[in-house]
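Any read-out appearing in this document is the output of simple, stated calculations on the displayed coordinates, not a laboratory observation. All figures in this text were calculated on a predicted structure; none of them were measured in a lab. Cβ atoms come from the backbone with ideal geometry, glycine included; neighbour counts cover every protein chain shown.
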Amino acid sequence: ARALGYVHGQERFFQMDLSRRDAAGELSALFGAAAVAHDKKRRFHGLRRVAQGAIANARADIRPLLEAYTQGVNAGLDELRVRPFEYLLLRQSPHPWKTEDSALVILAMWLTLTDENAARDLNLTRMRAVLPKVAFDYLTQAGSPLDAALDGSVWSGLALPSAAQFDVRKASAALARAAPVRIANDSHLEGLLGSNNWALAGSRSQHGGAIVANDMHLSLRVPNIWFRARLQVPADGLDMVGVTLPGAPALVVGSTGKIAWGFTNSYVDVADLIELEVSTAADGKQRYRSASGPQTLAVRNEMIEVAGADAVAFTVLDSQWGPVQEVDGKLYAVSWLAHNP
């Protein structure tokens, strides 16, 4: 872990820095005011605090690996003759790596691969508000006859609603009167992705060895997200080769020559929206209804450091289920699995 951290620190520190800052909402400290809006979206989730909790709760056998990796990263960075060129362009200096930053790098992957604001739930809520049940059920059903299940079963699917059940010509006028929702770009399509992995038994390969392949379908970046590495520990007879994620002390996808493993995204539902019933008490504080009685919304004050400008104050309301956002005139708590250390 220490050696891998050393190499990551020398070869990919700026990439690692961007990952931790992206997750924590700290890019403005590098790039200035242009990144403040993005940082606010990230600070909403308070992931620096989550990362600190993850390290505090880490298993006893994991902490030494994280600490050794951190020591390696900082040693590699310190021994560079000149800081990475990106910092020269930005006229900035890199800050040392912290153990919690490795947790932030993993949380940055959560941001890439999951629906952190439960946008799908919001879109379903909007659909349900304007469509009759028969149309909503048809449009949101879990499958279609085209799905190919491993066990050969077939999804029968719901029938297309008849005109008597849902007349689009009559409904269009009602839909037109509904409050319009502006869609500025195609970000609502980001969840429409696939994922796959494959394993082939050695009995079916020409060389007699098993083959595993997987599609990690991540965005194209410079440098590439992954960093190929080979880890050899002769005393233990260990020889692993594969790809690592700069910022984390692990071989994410690789092989020992005896065992190979892959990684791909699960696409399970990890975020929910919880509509809040909020009232303002006599003391001016906002309270929301819960199963255990009225609860007070906590106020979290975030201060965003901005390169070349004054720091920007940002306030977030927190509930027992997660941070609170206002959408379509309603308050929703965002309950995202990544909020749990």
Cα→Cβ-extended label distance, 7 Å offset, between Val270 and Trp198, nm: 2.6 nm
Lysine pair count for the chain [Cα-Cα under 25 Å; pairs on different chains or 8 or more apart]: 9
Semi-axis lengths, Å, segment 1-133, gyration tensor of Cα atoms, sqrt of 5 times eigenvalues: 34, 20, 11
Cα long-axis angle, helix 13-24 against the chain (0 to 90 degrees, to the nearest 10): 30 degrees
Spatial separation of Cα centroids for segment 270-316 and segment 39-76, in angstrom: 25 Å
Nearest-0.05 FRET efficiency for Val134 and Ile62, computed from C-beta distance (R0 51 Å): 0.50
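May I ask you to list the trypsin sites (Lys or Arg not before Pro) in segment 246-341 that are in a DSSP loop and have at most 16 other Cβ atoms within 10 Å of their Cβ?
The qualifying sites are Lys258, Lys285, Arg289.
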Estimated FRET transfer efficiency when R0 is 30 angstrom, pair Met240-Tyr87 (beta carbons, to 0.05): 0.45
Simple spin-label estimate for Arg169 and Ala148 in nanometres, 7 Å along Cα-Cβ: 4.1 nm
Principal axis dimensions, largest first and in whole angstrom, of the chain by Cα: 74, 64, 42
Within the chain: Cβ-based charge dipole about Cα centre, in debye rounded to nearest 20 (Lys, Arg +1; Asp, Glu -1): 280 debye
Cα-based helix-to-principal-axis angle, 2-11 vs the chain, degrees rounded to 10: 80 degrees
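With a cut-off of at most 10 other beta carbons within 10 Å, and DSSP calling the residue loop, which GluC sites (Glu not before Pro) in segment 67-134 qualify? Please list them.
Answer in residue order: Glu79.
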Contour minus Cα-Cα distance for Ile259 and Met127 (0.36 nm per residue): 42.8 nm
Point-to-point label distance, His217-Leu160, nm (Cα→Cβ direction, 7 Å offset): 2.7 nm
Net lengthening on full extension, Asn224/Asp328 (0.36 nm per residue, minus Cα-Cα): 33.6 nm
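How about segment 1-87: which trypsin sites (Lys or Arg not before Pro) there are in a DSSP loop, with at most 15 other Cβ atoms within 10 Å of their Cβ? Let's see the in-between values first.
Numbers: sites: Arg2, Arg12, Arg20, Arg21, Lys40, Lys41, Arg42, Arg43, Arg48, Arg49, Arg59, Arg81; in loops: Arg12, Arg59, Arg81.
Of the trypsin sites (Lys or Arg not before Pro), the ones in loops of segment 1-87 whose Cβ has at most 15 other Cβ atoms within 10 Å are Arg59, Arg81.
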Extended-chain gain in nm, criterion 0.36 nm per residue less alpha-carbon gap, Val233 and Lys41: 64.9 nm
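Given 25 °C and 0.890 mPa s, compute D for segment 184-316 with the Stokes-Einstein relation, Rh being the Kirkwood radius over Cα pairs; round to the nearest whole µm²/s.
In µm²/s, the coefficient is 117.
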